[in-house]
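The values are calculated or read from the model by the stated rules, or taken from the named source; none is laboratory data. Everything numeric here is computed off the predicted structure, so don't read it as measured data. Methodologically, a virtual Cβ is constructed for each residue, glycine included, from the backbone with ideal geometry; neighbour enumeration extends over all protein chains shown.
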Amino acid sequence: MIDPPKLRLGTRQSPLAMAQAREARARLCAAHGWPESAIELVPVRASGDKVQDRPLAEIGGKALWTKELDQWLAEGRIDGAVHSMKDVETLRPEILAIAAILPRADVRDVLIGAASLAEIPRGARVGTSAPRRAAQMLHRRPDCEIVTFRGNVATRLAKLAAGEADVTLLAAAGLARLGENGVGTPLDPGDWLPAPAQGAIGIECLAGDTQTRALIAAIDDGFSRASVMAERALLAALGATCHSPVAALSTREGDALRLRAALFSPDGNERVEGECRAAPGDAGPPAALAADLLARASAGIAVHFTGSA
């Protein structure tokens, strides 16, 4: 009997990234009938994990989560790279392909430290380093103060417990993947839009590696891919960068997608929102929505878009 092909999946080495890589491995093994030993997980320390005291936007943006894995793919040291899709730059190297998007998990943000947005104490310090969360919070609660909060989930929860902030926001999907399901209050995405591609795990490989690409594609989830790609098409058309306060979410409406989006000024004072409907795989409506949002955006919003995505 011929042993099944062995895949080397690269991943950041944070606890959450490793949990995501284990999920990818389990799905691949189930799809192909492989033993767990057929897939090797290869931890890589990403640049973004090395600097924890400054906002990501100040030290290089989302590329700090991907550049080491990109390099290892190019050098043939790994066959695939597992990513949290909300942390992947909109424009990717042409030599790479997103071979699979796993079934998307809970898209919501979780508020930790208060039972609701309304119950956050007046003047509270909100710990986050995400421009989208900061702007969205200041839009809803302009009395609050934003304090920089970086690090993995455990680090941020420890900082909160130590009193470095009064409340914080984390992704429900990340908490669930770490077994922290009961922490905090999930926020209704109808009222508080998440980050584009939040809750989605993707696997990239070399575009020309047709064998690996086909093996990984066995676990691609069609609707999750369509929703993530619609949100990424919006980001691309906006010229959004890691500095851009943008929230977006695609939901299923029959055979189509409904894409809702909101852009903010960093101080939360200004907001513009809109929505479109699109067929899966059609980047036209998300691009048209981006153009509409930018046309209606104030200067205080628009200046943070149309950059290098």
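Return the residues of the stretch 275-294 that are out of contact with any strand residue (DSSP E or B) (no Cβ under 9 Å at 6 or more places or on another chain), surrounded by fewer than 17 Cβ atoms within 10 Å (Cβ to Cβ) and part of a helix (DSSP H, G or I); say none if nothing qualifies.
Ala291
Okay, residues lined up against (1) more than 21 Å from the chain's Cα centre (by Cα); (2) closer than 19 Å to Arg232 by Cβ; (3) not assigned by TED's automatic domain parsing to the domain that holds Leu257:
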{"position": "Cys144", "(1), (2), (3)": "yes, no, yes"}
{"position": "Ala161", "(1), (2), (3)": "yes, no, yes"}
{"position": "Glu164", "(1), (2), (3)": "yes, no, yes"}
{"position": "Leu175", "(1), (2), (3)": "no, no, yes"}
{"position": "Gly179", "(1), (2), (3)": "no, no, yes"}
{"position": "Ala207", "(1), (2), (3)": "yes, yes, yes"}
{"position": "Ile216", "(1), (2), (3)": "no, yes, yes"}
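Looking at Val228, Val246 in this structure, which one is among the β-branched types (Val, Ile, Thr), under 16 Å from the mean Cα position of the chain (by Cα) and over 19 Å from Asp282 (Cβ atoms)?
Val246
Name the pairs whose Cβ atoms lie under 7 Å apart, with the first residue in the stretch 210-234 and over 30 Å from Pro245 (Cβ atoms), the second crowded, with 23+ Cβ neighbours inside 10 Å and charged (D, E, K, R), and 6 or more positions between them or separate chains?
Taking only residues 6 or more apart or on different chains, the pairs are Thr212/Asp79.
Just name the residue that is farthest from Asp106 (Cα to Cα) out of those in the stretch 132-157 that are outside any loop (DSSP other than H, G, I, E, B) and at pLDDT below 95.
The residue in question is Thr155.
Looking at (1) part of a loop (DSSP other than H, G, I, E, B); (2) within 25 Å of Gln13 (Cβ to Cβ); (3) at pLDDT 95 or above, which one does Thr168 not meet, given that it meets all the others?
Among (1) part of a loop (DSSP other than H, G, I, E, B); (2) within 25 Å of Gln13 (Cβ to Cβ); (3) at pLDDT 95 or above, the lone unmet condition for Thr168 is (1).
Go through the stretch 179-190 and give me each residue that's modelled with pLDDT of 95 or more, in a loop (DSSP other than H, G, I, E, B) and either of a type in the set (Asp, Glu) or touching a helix residue (DSSP H, G or I) at 6+ places or on another chain (Cβ under 7 Å) (or both).
Asp188
One residue is enough: does the stretch 236-254 have a residue meeting the conditions acidic (Asp, Glu) and either part of a loop (DSSP other than H, G, I, E, B) or within 24 Å of Thr90 (Cα to Cα) (or both)?
No, because not a single residue in the stretch 236-254 is acidic (Asp, Glu) and either part of a loop (DSSP other than H, G, I, E, B) or within 24 Å of Thr90 (Cα to Cα) (or both).
Regarding Pro266, is this residue crowded, with 22+ Cβ neighbours inside 10 Å and either of a type in the set (Phe, Trp, Tyr) or not in a strand (DSSP E or B) (or both)?
no
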